[in-house]
1. Within the range 75-97, track down each residue that is part of a helix (DSSP H, G or I), within 16 Å of the ligand (Cβ to nearest atom) and either open to solvent by less than 60 Å² (accessible area, probe 1.4 Å) or without any contact (Cβ under 8 Å) to a residue 60 or more places away in the chain (or both).
2. Which residue out of ALA353, ALA328 is open to solvent by 20 Å² or more (accessible area, probe 1.4 Å), hydrophobic (A, V, I, L, M, F, W, C) and modelled with pLDDT of 95 or more?
3. Among the residues of the range 186-199, is there at least one that is under 30 Å from LEU115 (Cα atoms) and open to solvent by 20 Å² or more (accessible area, probe 1.4 Å)?
4. Please specify each residue of the range 203-242 satisfying the condition of being out of contact with any Gly (no Cβ under 6 Å at 6 or more places or on another chain), within 16 Å of the ligand (Cβ to nearest atom), under 28 Å from LEU319 (Cα atoms) and of a type in the set (Ser, Thr, Tyr).
5. Go through the range 22-68 and give me each residue that's free of Cβ contacts under 8 Å to residues at least 40 places away in the same chain, within 20 Å of ASN229 (Cα to Cα) and among the acidic types (Asp, Glu).
6. State which residue is most open to solvent (accessible area, probe 1.4 Å) when the search covers only the range 208-263 and only residues that are among the polar types (S, T, N, Q) and within 17 Å of LEU57 (Cα to Cα).
7. When residues of the range 275-315 are filtered for being exposed (fewer than 13 other Cβ atoms within 10 Å of the Cβ), over 25 Å from the mean Cα position of the chain (by Cα) and modelled with pLDDT under 95, how many remain?
8. Among the residues of the range 300-344, count how many are among the aliphatic types (A, V, I, L, M) and more than 14 Å from the ligand (Cβ to nearest atom).
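The values are calculated or read from the model by the stated rules, or taken from the named source; none is laboratory data. Just so we're clear, the structure is a prediction, and the values are computed from it rather than from any experiment. Cβ placement follows ideal geometry from the backbone for every residue including glycine, while neighbour counts extend to all protein chains displayed. Protein only, heavy atoms only, side chains kept; ligands, DNA and RNA dropped before computing areas. Shrake-Rupley method; radii C 1.70, N 1.55, O 1.52, S 1.80 Å.
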Amino acid sequence: MNPELNLSATTTEAKTWSQRFESALHPAIARFNASIGFDIELIEYDLTGSQAHAQMLAKTGIIAAEEGEQLVKGLEQIRQEYRQGQFHPGVDAEDVHFAVERRLTELVGDVGKKLHTARSRNDQVGTDTRLYLRDQITHLRSQLRDFQSVLLHLAEQHVETLIPGYTHLQRAQPVSLAHHLLAYFQMAQRDWQRLGEIYQRVNVSPLGSGALAGTTFPIDRHYTAELLNFGGVYANSLDGVSDRDFAIEFLCAASLIMVHLSRLSEEVILWASQEFSFVTLKDSCATGSSIMPQKKNPDVPELVRGKTGRVFGHLQAMLVLMKGLPLAYNKDLQEDKEALFDAVKTVQVCLEATTILLREGLEFRRDRLTEAVNEDFSNATDVADYLAAKGVPFREAYNLVGKVVKTSLAAGKLLKDLTLAEWQTLHPAFEADIYEAIAPRQVVAARNSYGGTGFDQVRQAIQAAQTCLSGLE
Ligand code: ARG
């Protein structure tokens with residue numbers, strides 16, 4: 001909330017809502033009803049939308065050409081006042097739309113009262129929200145690109161760095177660290193695409209739907225849509241003023257971005273623990289404890305993981321908000337904004353922080369990663385594959401290797417510690433090349449199926465990612 005807003009209704013003269021009313025709103029109800037505390041966020045979009053509406057009114061002859069010009073100029077003046085920190089509407093204005101109209105009338109006189117001809121706040125607020133979200137989506141998509149390019153940059157440095165791969169959080173098979181990072185690149189790529197698709201449905205103009213049924217004036221909806229760079233107009237006025245699908249779709253996409261950031265955060269938190277010690281957090285992105293001097297805490301990924309719940313909550317709130325609404329506009333819809341604004345801001349700060357964290361806040365510990373992939377049984381599948389390649393049926397080989405793991409564990413040995421004689425008593429097909437076959441580097445290199453972790457595949461994946469980011473695809 002803008003701290004400079006005057007939210008105390010008691011300081012303002014209590015007016016009746018209109019001449020239809022006999023007495024003024026109760027001050028607490030005025031505050032309850034008002035959205036100015038948060039919809040001021042829409043002001044620039046409100047001004048732009050109103051300028052287009054004024055131009056259209058003039059073009060269609062609904063108002064005189066010079067009246068249209070006066071309105072456009074007056075609105076521009078409000079924009080300057082706002083940018084210079086000189087526009088502070090209070091709760092008596094109720095919302096940003098009334099605040100602008102009132103100020104406009106102060107600035108340009110009675111002609112200001114013509115602005116709202118052939119329009120309702122219902123189609124107006126829908127227009128503003130879409131204009132706002134369009135900009136936010138564009139910004140988010142460019143943030144996703146930054147995030148992807150940091151992931152790609154790290155991947156380029158770590159093609160040959162191995163890291164244990166897990167299923168069930170149990171060591172499974174080692175993978176290239178680049179491969180692991182590129183999994184997140186792919187998630188972000190889908191996020192980027194999804195936002196692009198949603199943009200198409202955000203980019204439709206409800207302006208001219210009126211309160212719900214259209215208008216008696218000879219407006220030109222396509223002209224305002226064109227001035228505002230909308231891709232099309234709502235075909236049904238009732239749908240135009242009451243549709244919030246675009247906001248729900250956006251919140252779904254925002255939630256998925258947060259799912260991805262949160263999963264990455266969880267991994268970084270684990271990796272930074274003493275138990276894993278796969279990464280070191282740099283001082284610029286870690287915090288200490290107020291009591292335990294030895295500590296360095298991963299606050300950044302923890303906050304990202306924590307903030308994820310907020311965004312999911314906004315999605316849920318918006319779905320519930322809509323499910324019982326009869327057509328067309330209902331004041332419930334005023335509740336869409338805080339959810340949307342907070343989701344947008346949350347995803348933006350989380351993307352920014354995660355990108356910084358990856359770019360300069362952590363370092364992978366190659367020593368620890370090498371140790372990790374050398375000290376477990378994550379090459380057991382490769383022993384089974386080795387036998388299978390020599391004609392032993394895979395299930396038989398699998399059972400045999402299970403036995404080998406059991407006896408090795410009992411003897412406190414790893415597979416690489418078995419002597420050739422020991423291998424050969426287990427199965428005559430084992431030869432000296434078994435040691436090469438189960439070395440972690442070879443284990444990774446051998447998984448050269450399309451999309452796998454084999455180094456050749458990873459190099460190709462890096463190239464594809466480079467092409468994707470260069471926009472040449
Ligand atoms: N502040 C309102 C909102 O955000 C604007 C639309 C008001 N429309 C109405 N019919 N009361 O939804």
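1. As a first pass, look at the range 75-97 and keep what is part of a helix (DSSP H, G or I): 75-83, 91-93, 96-97.
Within this subset, residues satisfying the condition of being within 16 Å of the ligand (Cβ to nearest atom) are 91-93, 96-97.
Hits for the range 75-97 are VAL91, ALA93, VAL96, HIS97.
2. On the way: ALA328 fails: open to solvent by 20 Å² or more (accessible area, probe 1.4 Å).
Unique residue meeting the criteria: ALA353.
3. Yes, that holds for at least one residue.
4. Listed by number, the list holds a single entry, SER242.
5. Of everything in the range 22-68, just one residue is free of Cβ contacts under 8 Å to residues at least 40 places away in the same chain, within 20 Å of ASN229 (Cα to Cα) and among the acidic types (Asp, Glu), namely GLU44.
6. In the first step, residues of the range 208-263 are kept if they are among the polar types (S, T, N, Q); the result is 209, 215-216, 224, 229, 236-237, 242, 255, 262.
Then keep just the ones that are within 17 Å of LEU57 (Cα to Cα); that gives 209, 215-216, 224.
Numbers: SER209: 0, THR215: 51, THR216: 134, THR224: 2 Å².
Taking the candidates together, the pick is THR216.
7. So the count comes out to 8.
8. First, the residues of the range 300-344 that are among the aliphatic types (A, V, I, L, M): 300, 303-304, 311, 315, 317-322, 325, 327-328, 333, 339-340, 343-344.
From what is left, the residues that are more than 14 Å from the ligand (Cβ to nearest atom) are 300, 303-304, 311, 315, 317, 319-320, 343-344.
The total comes to 10.
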